[in-house]
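One structure is given below, encoded as structure tokens.
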Amino acid sequence: FWDILYYFLRDEAKRLLPYRVAQLAKHYGFTFSQVKIQSSKTRWGSCNQLKTINLSLYLLMLPQHLIDYVILHELCHTLEMNHSPRFWELMEKVTNGASNDLDKELKDYAIPQ
């Protein structure tokens, strides 16, 4: 069962997530270099100094608003590579003041092991 689910999630993540990153980046004025889909089991996403956004294929198991939250979190890291007050101010702006609540909600979900 998990093998079938994994392959489905991988294909769907590669099809859907880069498009959603591009949509949100355009809407909020972010730039990024590329999107990589991985099978990370330790984090939902990450961003490196080259502005490459890495997303876990398991994001597709989250509700859409939390997928967007993770993507926005990583897009904010294209400007602030840390979790400084400036980073959280940016998160507040792109989530209409809901970043704290969304962050707490995300903690209710776990990446399948």
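Each residue in region 1-29 was checked for being more than 15 Å from the chain's Cα centre (by Cα), closer than 15 Å to Lys51 by Cβ and surrounded by 13 or more Cβ atoms within 10 Å (Cβ to Cβ), and 0 of them qualify. Scanning region 30-41 for residues that are surrounded by 13 or more Cβ atoms within 10 Å (Cβ to Cβ) and outside any loop (DSSP other than H, G, I, E, B) gives Val35, Lys36, Ile37, Gln38.
Checked against the criterion of being open to solvent by 70 Å² or more (accessible area, probe 1.4 Å) and at negative phi, region 47-58 contains one or more residues that satisfy it. Name the residue that is nearest to Gly97 (Cα to Cα), counting only residues in region 33-57 that are among the small types (Gly, Ala, Ser) and in contact (Cβ under 8 Å) with a residue 40 or more places away in the chain. Checked region 33-57; the qualifying residue nearest to Gly97 (Cα to Cα) is Ser56.
Tell me which residues, restricted to region 58-74, are assigned to a loop (DSSP other than H, G, I, E, B) and either free of Cβ contacts under 8 Å to residues at least 12 places away in the same chain or among the β-branched types (Val, Ile, Thr) (or both). Pro63 - this is the single residue of region 58-74 that is assigned to a loop (DSSP other than H, G, I, E, B) and either free of Cβ contacts under 8 Å to residues at least 12 places away in the same chain or among the β-branched types (Val, Ile, Thr) (or both). Comparison of Leu55, Leu17 shows that the only residue that is touching a helix residue (DSSP H, G or I) at 6+ places or on another chain (Cβ under 7 Å) and either part of a helix (DSSP H, G or I) or among the small types (Gly, Ala, Ser) (or both) is Leu17. Taking the conditions (1) farther than 30 Å from Leu5 by Cβ; (2) of a type in the set (Val, Ile, Thr); (3) free of Cβ contacts under 8 Å to residues at least 40 places away in the same chain in turn, Thr78 satisfies each one other than (3).
Just one of the numbered conditions (1) out of contact with any Phe, Trp or Tyr (no Cβ under 7 Å at 6 or more places or on another chain); (2) modelled with pLDDT of 95 or more is not true of Tyr7: (2). Filtering region 82-109 to residues that are in a loop (DSSP other than H, G, I, E, B) and either open to solvent by less than 80 Å² (accessible area, probe 1.4 Å) or without any contact (Cβ under 8 Å) to a residue 12 or more places away in the chain (or both) leaves Asn82, His83, Ser84, Thr95, Asn96, Gly97, Ala98, Lys107, Asp108.
The values are calculated or read from the model by the stated rules, or taken from the named source; none is laboratory data. Quick caveat: nothing in here was measured; it's all calculated off a predicted structure. Every residue, glycine as well, gets a Cβ built from its backbone with ideal geometry; the counts of neighbours run over all protein chains shown. Accessible surface is based on the protein model in full, side chains and every heavy atom, while ligands, DNA and RNA are left aside. Shrake-Rupley method; radii C 1.70, N 1.55, O 1.52, S 1.80 Å.
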